[in-house]
Amino acid sequence: MPLPPVTVVIDRHDDALYTHTALAAHHLPSGRITLHPGPGTTSETGLAHDLLAALGKPSLLPGRFPSGRQPAWEAATAWITALPVTRLTVLRAHRLTARRAMRLLKLRTLTGIHLTLVCHRPHLPAALHQALQTADHTITTDFQAARRHYYGTPCAEPLPADQPARPASRWLTLPALDRLVSYDSPAPCAAVCTPPPIVWRHRPPPAPLTPHTAQRVAHRLHGASAHPRLAATIAAALFTGASLQQLATARPRDYDDDAATLALHDRARYTDGCAAYPVPPWAGVFLRAAACFARLVSGQDQELLATPGNRALLLRVAETARLRPPQPPAARRQGPAGRVEWDWRERQEANRYEAMLAVRARPSRR
């Protein structure tokens, strides 16, 4: 499918009406975002952070990266692809450096997005003119045409009840997160593995989220982290009930978007062996973003989701989203009040196992 041409809107007199109209058209649920770059910076990474903020994400990606550079553009590209976003309007385009403009054109190539640049000057600056030589584009000075055809129709509908600008303050307690910090030791399959559908033999399946709870979880995850891998790992934990070690066995090829399945590996059968898990609709966007991000950053042979080395970051994202496993009674807490205890279930199982061994080791009185 051919890319739509880049549209350049000329706002000769820097009329506030152009800016207000473009901002009013911003509506992420309809696939439209308006990017108003922050003043005082010319870095490419800074523009990517502004784009993540326009997508409703925190602007920074947590963690350390081998290249020493935050993969902010890769994350923004992944979210735009997964959500999906179809229109991007960039205000103050006359201030774009040639490198920033080329970044936006590359984003258009990777995602197929309809890109509109609003230049608040009578003429194109040299940097933008140079960058546009590499792309099919049209220039218009017609405000009405820009409003009708390029920005999108302003939408005044209210946000859903549980879609605040930031994650809500009330905790959601989700039993499926109980096993996230379990210490099993599955390893990824070295050869290509096509697991069968999951058959729950050794543990019960996690209870599916109700539609209302699923909506709340999705909204909270979207607002808690810009990192596709971290958000997708928490989503996957909720519908698989798997540990972080097992979630780390997934590779980009293990997510099948058409079949809506995610394959996890467990050759030693610590749990239920290698198996494909059905992906509920609410979680699909997170897996699509993670798969796209993995391909852009590292390729098919690297992890799709977070690794055990990202455990602290992962739990921090879950707590930012106010998601936690069931907590111990106050009398049995080991930490201070208010701190999430992620390993309470693990401690319970370890104590039961030790008690069982103690009974078996007790000498007979015969």
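The values are calculated or read from the model by the stated rules, or taken from the named source; none is laboratory data. Remember, predicted model here, so these are calculated numbers, not experimental data. In this analysis, Cβ positions are derived from the backbone assuming ideal geometry, glycine residues included, and neighbour counts consider all displayed protein chains. Note: accessible area is taken over every heavy atom of the protein model, side chains too, but ligands, DNA and RNA are not part of it. Shrake-Rupley method; radii C 1.70, N 1.55, O 1.52, S 1.80 Å.
Ligands, DNA and RNA left out, the 1.4 Å accessible surface of the chain is 54% carbon and sulfur atoms. With unit charges on the beta carbons (Lys and Arg positive, Asp and Glu negative) and the dipole taken about the Cα centre of the chain, which residue among 9, 246, 236 sits farthest to the positive side? Sorting the options by dipole projection puts first 246. FRET efficiency for the residue 330 to residue 98 pair, using the beta carbon distance and R₀ = 51 Å, is estimated at 0.25. Each label point was placed 7 Å from the Cα along the Cα-to-Cβ direction; for residue 349 and residue 130 their separation is 5.9 nm.
Across the chain, Cα pairs under 8 Å and at least six residues apart give a relative contact order of 20 percent. Between residue 30 and residue 183, the FRET efficiency from the beta-carbon distance, with R0 = 30 Å, is close to 0.10. If R0 is 45 Å, the Cβ-Cβ spacing of residue 45 and residue 337 corresponds to a FRET efficiency of close to 0.70. Surface exposure of the chain, expressed per residue as accessible area with a 1.4 Å probe, stands at 50 Å².
Please figure out what share of the DSSP beta bridges in the chain is antiparallel and state it in percent, rounded to the nearest 5. Bridges in the chain that DSSP calls antiparallel: roughly 25 percent.
The alpha-carbon atoms of the range 178-289 define a convex hull whose volume equals 100 cubic angstrom per residue.
Among the listed options [x] 24, 40, 27, 9, 0; [y] 26, 50, 24, 1; [z] 27, 49, 20, 4, 1, 0, the one matching P(r) over Cα pairs in 20 Å bins from 0, in percent as calculated from these coordinates is [z]. The charge dipole of the chain, taken about its Cα centre with unit charges on the Cβ atoms of Lys, Arg (+1), Asp and Glu (-1) only, comes to about 1160 debye. As a rough guide to protection, the peptides 302-315, 323-336 ranked by mean Cβ packing within 10 Å, highest first, stand as 302-315, 323-336.
Against the empirical 2.2 N^0.38 Å (N residues), the range 23-77 has a Cα radius of gyration ratio of 1.21. Stretching the chain fully between residue 199 and residue 16 yields a gain of 59.9 nm (0.36 nm per residue, less the alpha carbon separation).
Compute the label zone of residue 192 within the range 241-274: residues whose backbone N is under 13 Å from the point 7 Å along Cα-to-Cβ. Only 253-254 pass the distance filter.
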